[in-house]
Amino acid sequence: MGKSRIVDKMQAHVTNIALSHSVFALPFAYMGAFLAAGGRPGWAELGWITLAMIGARSAALALNNLIDLKYDKLHPRFTARPMVKGTIKPWEAFSFILASLSVFLWAAAQLHPNCLLLSPLAILPFLLYPYMKRFSWTCHLVLGVALACAPVGAWLAIRGDMPWPVLILGGSVAAWIAAFDVIYGCQDTVFDQEHQLHSIPVRFGIPGALRISRWMHGLSILGLITVGLMLNLKGYYYLGVGLAAMVLCYQHHIVRPWDLSRVTQTYFMRNGLVSILMFLFTLVSL
């Protein structure tokens with residue numbers, strides 16, 4: 001394989017795992033690490049946490065695309081995906097998943113011993129998520145649990161325990177991303193119904209799904225406030241929570257049950273402002 005083909009293949013894998021979407025989980029992982037340390041953790045710890053996140057997330061996205069390939073080939077929105085186009089073969093994706101999992105486990109082994117011991121609990125949600133939509137509308141919640149592992153795992157990496165504040169933080173992240181996934185999933189309601197797939201929009205209808213999403217986002221903000229109170233964080237933290245709440249309110253404001261045209265890639269990436277704001281204002285508050 002020539003150099004240009006190797007570069008093209010690497011770019012295809014980066015596209016396949018949507019590397020830019022790391023903006024959702026990685027800032028919350030750093031938030032968990034900084035809160036656990038009460039300031040900046042060691043550079044080595046941050047490096048291993050970052051590597052663990054990259055490994056876990058890469059494996060999760062590649063696995064999801066591999067398992068859902070038969071549906072993605074039928075979905076008009078996914079025609080440009082590398083696996084749909086055949087740029088990445090199933091065996092290549094499987095090899096990539098194994099390599100990514102190895103990176104995750106290797107990085108976890110360099111952190112607190114409990115990280116490697118509890119690593120199956122982090123892997124389980126992203127193993128289950130691709131299958132959940134086949135039999136349960138709770139699939140969005142499983143995705144939320146998968147991302148909740150970011151701040152909880154990072155805290156665990158620094159301190160080795162999981163006290164209530166970080167569990168509530170994990171729950172807030174779970175509610176935040178699950179609610180967003182519900183909004184994004186509203187676009188696929190007709191497709192899911194035609195292929196006997198399950199989701200909250202399919203189960204409760206788009207108007208009901210958007211109401212559930214609003215409630216979950218409200219719980220997420222309430223959880224973030226609770227974390228600040230339990231950890232005695234400074235006022236800057238609550239400013240970050242307020243700005244994050246404004247982002248979520250805006251997202252709900254521009255989406256209507258009869259008009260999902262604004263649920264675009266830009267809308268998708270704008271959701272990452274929540275995690276970025278929360279990390280930055282947590283950092284300032286420490």
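The values are calculated or read from the model by the stated rules, or taken from the named source; none is laboratory data. Model, not experiment: these values are computed from the prediction. Positions of Cβ are backbone-derived with ideal geometry, glycine not excepted, and every protein chain shown enters the neighbour counts. These area figures cover heavy atoms from the full protein model, side chains too; ligands, DNA and RNA do not enter into them. Shrake-Rupley method; radii C 1.70, N 1.55, O 1.52, S 1.80 Å.
Brief remarks follow.
- Listed by position, the helices (runs of 4 or more DSSP H) enclosed by region 18-131 that each have at least 1 residues that are buried (at least 16 other Cβ atoms within 10 Å of the Cβ) and of a type in the set (D, E, K, R) are 43-67, 69-72, 90-109.
- Residue selected from region 51-86 under the condition of a type in the set (S, T, Y) and at pLDDT 90 or above, by the criterion nearest to A18 (Cα to Cα): S58
- Yes/no for T226 being polar (S, T, N, Q), open to solvent by 30 Å² or more (accessible area, probe 1.4 Å) and assigned to a helix (DSSP H, G or I): yes
- Looking only at region 259-274, and only at residues there that are of a type outside the set (G, A, S) and without any contact (Cβ under 8 Å) to a residue 12 or more places away in the chain, the one that is most open to solvent (accessible area, probe 1.4 Å): R262
- Yes/no for L286 being among the aliphatic types (A, V, I, L, M) and surrounded by fewer than 20 Cβ atoms within 10 Å (Cβ to Cβ): yes
- Residues (open to solvent by 10 Å² or more (accessible area, probe 1.4 Å) and either in contact (Cβ under 8 Å) with a residue 24 or more places away in the chain or touching a helix residue (DSSP H, G or I) at 6+ places or on another chain (Cβ under 6 Å) (or both)) located in region 167-176: I168, G171, A174, A175
- Count of residues meeting criterion [over 25 Å from L222 (Cβ atoms) and part of a helix (DSSP H, G or I)] in region 247-265: 1
- All positions within region 229-246 that are assigned to a helix (DSSP H, G or I), over 16 Å from A178 (Cα atoms) and open to solvent by 20 Å² or more (accessible area, probe 1.4 Å): L229, M230, G235, Y236, Y238, L239, G242, L243, M246
- One residue from W155, W164, W137 being touching a residue at least 60 places away in the same chain (Cβ under 8 Å), over 30 Å from F78 (Cβ atoms) and open to solvent by 60 Å² or more (accessible area, probe 1.4 Å): W164
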